[in-house]
Amino acid sequence: MKKISNETQSCIDSCYNAVTASKVCLAEHMGEPDMKECQKLCLDTIDVATACASLCANKSDYVGQVSKVCAQVCRDCAEECAKFDSEVCQECAQICRECAEKCEAMAA
């Protein structure tokens, strides 16, 4: 079995970090009416980053396309979370930015 490259492993790790940060952010701010878009984007990040990590691990032929979508969703989530003063939101924004960078590298 061929070993996963360092670049791929880094993308997988970043995706799972984004999933965790998004779950924490979502749990912290569940039900807050002014954070509906943040919550929506955290849910989207959880879904797409989980799929991206899984496809990377499987060495799927669709890694490039899914990584591109994941990068966009993570950038959007980071932009939205960055609007809030919450420490949890700020951390989620930073982790999602890092994930977007790793996914962009995989999409290239």
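Only the coordinates and a few stated rules stand behind these numbers; no lab work does. Just so you know, these numbers come straight off a predicted model, no measurement behind them. Because the Cβ atoms are built from the backbone with ideal geometry, glycine has one as well, and the counts that use them run over all protein chains shown.
Anything over 23 Å Cα to Cα? Flag those among Lys36/Lys83; Lys3/Lys23; Lys36/Lys102; Lys23/Lys59, in the order listed.
Checking Cα-Cα distances, Lys3/Lys23; Lys36/Lys102; Lys23/Lys59 exceed 23 Å.
Set the Förster distance to 25 Å, then compute FRET efficiency between Glu32 and Ser54 from the Cβ-Cβ distance, nearest 0.05.
The formula returns an efficiency of 0.25 here.
Rounded to the nearest 500, what is the chain's calculated 222 nm mean residue ellipticity when only DSSP H runs of at least 4 contribute -39500 (n - 2.57) each, over all residues?
It lands at -27500 deg cm²/dmol.
Ranked by Cβ crowding within 10 angstrom, fewest neighbours first, how are Ser22, Ser5 ordered?
Ranked by crowding around the Cβ, least crowded first: Ser5, Ser22.
Using the Cα centre as the reference, give the magnitude of the dipole from point charges on the C-beta atoms of the chain (Lys, Arg: +1; Asp, Glu: -1; all else neutral), rounded to the nearest 20 debye.
So the dipole magnitude of the chain works out to roughly 580 debye.
In the P(r) worked out for region 6-107, what percent of Cα pairs fall beyond 22 Å?
Numbers: 1144 of 5151 pairs.
Of all Cα-Cα distances in region 6-107, 22 percent exceed 22 Å.
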